[in-house]
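Reviewing the structure listed below.
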Amino acid sequence: QVQLVESGGGLVQAGGSLRLSCAASGRTFSRYAMGWFRQAPGKEREFVATITWSLSNTYYADSVKGRFTISRDNAKNTVYLQMNELKPEDTAVYFCAADASGAIRIAAISYDYWGQGTQVTVSS
């Protein structure tokens, strides 16, 4: 079992930055691929970014590429999402998720564990 707790959300003006954290507890965190997803009101949950457990390979949605950076610290059992140049359309609840396969995956159904989410609101 892996438990995930997100933090770092909040209200920010357009053009600003936020750093989300996801603290994981449970065994073998370092072998899981970790992903960030988001869900805006009335919309489906969408993929944002993912990072593998080995070599820390990353993959991003086109909508955030160049603005967001995913990273992980296996010693601290934590994954981060640095979000820069935020836009109003980035407003959503952000979720972190863990995938036991350890591979690059963008489908939410592929992930085994989910956090409760943290709200990010970007004002114009």
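With respect to Ser17, is the statement that it is open to solvent by 40 Å² or more (accessible area, probe 1.4 Å), modelled with pLDDT under 95 and not β-branched (Val, Ile, Thr) true? Criteria not met by Ser17. Give the residue, chosen from Tyr60, Tyr94, that is over 15 Å from Gln3 (Cα atoms) and open to solvent by 30 Å² or more (accessible area, probe 1.4 Å). Exactly one residue qualifies, and that residue is Tyr60. Apart from one condition, Ala107 fits all of (1) open to solvent by 10 Å² or more (accessible area, probe 1.4 Å); (2) at pLDDT below 95; (3) farther than 23 Å from Leu18 by Cα; the exception is (2). The one condition from (1) under 12 Å from the mean Cα position of the chain (by Cα); (2) within 28 Å of Ser123 (Cα to Cα) that Gly16 does not meet is (1).
Here is a yes/no grid of residues against (1) among the β-branched types (Val, Ile, Thr); (2) open to solvent by less than 30 Å² (accessible area, probe 1.4 Å); (3) within 14 Å of the chain's Cα centre (by Cα); (4) at negative phi:
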residue: Ser30; (1), (2), (3), (4): no, no, no, yes
residue: Gly35; (1), (2), (3), (4): no, yes, yes, yes
residue: Arg38; (1), (2), (3), (4): no, yes, yes, yes
residue: Gly42; (1), (2), (3), (4): no, no, no, no
residue: Thr50; (1), (2), (3), (4): yes, yes, yes, yes
residue: Ser54; (1), (2), (3), (4): no, no, no, yes
residue: Ile70; (1), (2), (3), (4): yes, yes, yes, yes
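Among the residues of segment 1-14, those identified as in contact with a Phe, Trp or Tyr (Cβ under 9 Å, 6 or more places away or on another chain), open to solvent by 30 Å² or more (accessible area, probe 1.4 Å) and at pLDDT 95 or above are Gly8, Gly9.
The values are calculated or read from the model by the stated rules, or taken from the named source; none is laboratory data. Fair warning: this is a prediction, and the values are worked out from it, not measured in the lab. Cβ sites come from the backbone with ideal geometry, for glycine too, and all protein chains shown count toward neighbours. In case anyone asks, the SASA skips ligands and DNA or RNA and just uses the protein heavy atoms, side chains included. Shrake-Rupley method; radii C 1.70, N 1.55, O 1.52, S 1.80 Å.
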